Amino acid sequence: MSVAISIENVVKRFGKETVINGLSLEIKPGEFFTLLGPSGCGKTTLLRMIIGFNSIEGGQIKIDGKVINNIPTNKRNMGMVFQNYAIFPHMSVKDNIAFGLKNRKVPKAEIEKRVDEILKIVKIDHLKDRMPHKMSGGQQQRIALARAIVIHPEVLLMDEPLSNLDAKLRTEMRNAIKQIQQQVGITTVYVTHDQEEALAVSDRIAVMNGGVIQQIDTPKNIYQRPANTFVSTFIGLSNIMDGKLESNENGKALIRIGDYKFQMNNIKKDCGSNCPVKVSVRPEEFIINKETEEGIPVTVKSSVFLGVTTHYFVETKEGQEIEVIQSSDIGEIIPNGKKVHLKVQVQKINVFSEDGSRSFI
Ligand code: ATP
């Protein structure tokens, strides 16, 4: 049975420095939940509080409703996978995996059964007797994952488990981790600063900055409807443009960027007539219009051909720079200096308060 994790108003201090000040979140049973944010935002600190390596200075952490603040790590029934694998170099693969079970005094026959089972799940059963130094980074990370899961923990914690792998192996291993987590169905908390990795593996993501949660949502919602400009720029590329909310009456908002006006009907907030807002559009959502005058008028400043896509850097009349990503199939590369217009479907636009701190949608 999978467990729920409730983090309620937790506070973490190191000496006089408060790193986390009243953070709350709920992780559902069996969920793959990711803490995502820039270096130093407190992700690892929070993960270490869940497993018990860090003390909790305020608030509480509950597993299925039971407070665990004062339960020592070895009584918490959690498995953890670290960035540097932390496997024992002098033990074979099967001995590494059996280690936690021996410590828990599991009978020998049961240990053998469970080690064989988990070796198949992580797909290294053919390497059972090998020593870790004769294995690749990806294979070593599979041992670490097997060792964490074989004890049948209630919670699996992973701290940047793929950071030491090269790009190709990282993609392969993230798919493997996701698949294994689904197969085992264990509540998982995953820490990464890699936004693509977070989008790929998670059921839900908490985006953190400076010890504060910015948004908790599914990967799709985080990408398409970011809660503020921090999330919008941290995850994927975003053009954040200065605009004006001219009016918002009867559910129809009129927004202006320079001389270009467009109407949106999903603007829920108001900031008085003609108030400044930030308008955000992802580079791939723009369509370059070379034929008519429809859209935001811009001049192409430079372009970079990247095979599948071509990136254009364009500038509005007001001097605002915008990045546009187009499929390279679409005609010839547009020369620098060419005046074009940028179109975008209004549903793809996000509007934020002038300081970027909240979405108007
Ligand atoms: P990274 O991706 O770089 O690991 P992170 O988001 O996991 O970053 P944390 O390691 O949780 O960040 O650190 C959050 C803050 O807490 C940082 O300012 C860090 O300097 C501080 N910190 C972490 N551990 C300690 C410690 N043991 N003593 C003092 N300060 C610490």
Among the residues in segment 14-26, are any more than 8 Å from the ligand (Cβ to nearest atom) and among the aromatic types (Phe, Trp, Tyr)? no
Does Lys62 fit the bill of being touching a Ser or Thr at 6+ places or on another chain (Cβ under 6 Å) and either modelled with pLDDT of 95 or more or aliphatic (A, V, I, L, M) (or both)? yes
One residue from Thr171, Thr188 being of a type in the set (Ser, Thr, Tyr), surrounded by fewer than 22 Cβ atoms within 10 Å (Cβ to Cβ) and not in a loop (DSSP other than H, G, I, E, B): Thr171
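A quick yes/no check of all residues on (1) crowded, with 17+ Cβ neighbours inside 10 Å; (2) over 21 Å from Ala227 (Cα atoms):
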site	(1), (2)
Ala253	yes, no
Asp259	no, yes
Pro283	yes, no
Lys317	no, yes
Gln326	yes, yes
Ile334	yes, yes
Val346	no, no
Val351	yes, no
Ser357	no, no
Of all residues making up segment 210-242, the number that are in a loop (DSSP other than H, G, I, E, B) and hydroxyl-bearing (Ser, Thr, Tyr): 2
Check off (1) farther than 26 Å from Asn175 by Cβ; (2) surrounded by 20 or more Cβ atoms within 10 Å (Cβ to Cβ); (3) more than 15 Å from the ligand (Cβ to nearest atom) for Lys75 and give me the number that stays unchecked. (2)
Scan of segment 27-59 for residues that are among the small types (Gly, Ala, Ser), within 11 Å of the ligand (Cβ to nearest atom) and in contact with a strand residue (DSSP E or B) (Cβ under 7 Å, 6 or more places away or on another chain), ordered by number: Gly37, Gly42
List pairs: first in segment 223-236 and surrounded by fewer than 22 Cβ atoms within 10 Å (Cβ to Cβ) and modelled with pLDDT of 95 or more, second among the β-branched types (Val, Ile, Thr) and part of a loop (DSSP other than H, G, I, E, B), Cβ under 7 Å, 6+ apart or cross-chain? Tyr223/Ile235; Arg225/Ile361
Go through the residues of segment 60-72 one by one and say whether even a single one is within 12 Å of the ligand (Cβ to nearest atom) and either part of a loop (DSSP other than H, G, I, E, B) or basic (Lys, Arg) (or both). no
Scanning segment 78-87 for residues that are more than 16 Å from Pro153 (Cα to Cα) and within 13 Å of the ligand (Cβ to nearest atom) gives Gln83, Asn84
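The values are calculated or read from the model by the stated rules, or taken from the named source; none is laboratory data. These figures come from a predicted structure and were not determined experimentally. As a convention, Cβ positions derive from the backbone with ideal geometry for all residues, glycine included, and neighbour counts pool all protein chains shown.
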